[in-house]
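A.B. asks: Let me give you the structure first, and then I'll get to my questions.
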Amino acid sequence: MKSNQSGRSMIEMLGVLAIIGVLSVGGIAGYSKAMAKYRSNKVVEQVSMLITNIRTMYAQQQTYINLDNNLAIEMGVVPEDLIVVDGSGKPTNALRNVFGGRVIIAADSVDGEGGEGASLDYNAFSVLFSGLSRDACIAIATSDWGSGSSSGLLGMYIYTTGDSDPNAIPSDAKKITKYTTGKVEGGKATMIPGDETVRVPLRVDQARLACNCTTKSNCSVTWKYY
C-alpha cells in the first residue's frame, strides 16, 4: 500500500512539474514579446523626442552648422536614456538607443549628400539609429514622420547591415542623397515625402521588404530634416 501510494504521488508530482514547465515557457515567450514591443515603441519615442527637440532649438536659426552629438547633449536636446555614461556615472558624447545601437546626430545638407568629407551647406540635419530589430524597423517605417509639407522631413533611408554587431554602420546608411523618387527593395528603402510610389509612412508590405534584418543582421534608419 505504501508503495502504490508513493507511486501515485510521484506521477502527480511529475504532472505538476510538467504544468509548471509549460506555464513557464509560455510566460517567458509572453515576456519576450512584451519586451520586444516595449523596445520598438521606446525607440519610436526616442526618435520623436530627439527630432522635435532639435527642430525646436533651431527654429530661429538658418543653419545647423557644428551640430553633432556633443552639441546636442550640451544643449540638452537629447533624451537622457540615449546618453551613455562612463564608469563613474558621468555622461559621455556617445549615444545608444534602446537596442544598444549607435545614434549619430550630424549637420547635413538639403541638396546633395551628407557624410564624411561631403560639401555641406548645413541647412539640414540627419539622425541615424543603428542596431535596430526588424520589429522596431517596421514600426519606424510604418509611422508617419512627416507626410505633411510643414513637417520638415526631407527623407528617410532604411539599410540592413549584414552584421549582427549593433555598432556596425555601413557608410551609405549615414547619408540620404537628394532622390527624386523613393524606392523599396530587399534590405533598403528610400522614402521621400510627397512621392507617389513610396509614401511616408510605408505600407506594411513595403516595410517588411525593406526591414529584412534577422538575428544575424541589423537595421539602420536615417532621417533628414530641414
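The values are calculated or read from the model by the stated rules, or taken from the named source; none is laboratory data. The model shown is predicted, which means the values in this text are computed figures rather than measured ones. A quick note on method: Cβ atoms are made from the backbone with ideal geometry, for glycine too, and the neighbour counts reach across all protein chains shown.
A.B. asks: Looking only at residues that are at pLDDT 65 or above and buried (at least 21 other Cβ atoms within 10 Å of the Cβ) in region 162-178, which one is nearest to the chain's Cα centre (by Cα)?
C.D. replies: Top of the filtered list is 169.
A.B. asks: Follow-up question, since we're still on this one. Within the bounds of region 181-189, is there any residue that is of a type in the set (D, E, K, R), over 27 Å from residue 94 (Cα atoms) and modelled with pLDDT under 80?
C.D. replies: Among the residues of region 181-189, not one is of a type in the set (D, E, K, R), over 27 Å from residue 94 (Cα atoms) and modelled with pLDDT under 80, which makes the answer no.
A.B. asks: Of the residues in region 94-111, how many are charged (D, E, K, R), within 16 Å of residue 152 (Cα to Cα) and touching a strand residue (DSSP E or B) at 6+ places or on another chain (Cβ under 7 Å)?
C.D. replies: Total meeting the criteria: 1.
A.B. asks: Another question about this same structure. Among the residues of region 49-69, write down those that are closer than 22 Å to residue 96 by Cα, touching a residue at least 40 places away in the same chain (Cβ under 8 Å) and loosely packed, with under 15 Cβ neighbours inside 10 Å.
C.D. replies: Listed by number, the list holds a single entry, 66.
A.B. asks: Can you tell me which residue within region 179-226, out of those that are of a type in the set (A, V, I, L, M, F, W, C) and assigned to a strand (DSSP E or B), is surrounded by the fewest Cβ atoms within 10 Å (Cβ to Cβ)?
C.D. replies: The qualifying residue surrounded by the fewest Cβ atoms within 10 Å (Cβ to Cβ) is 184.
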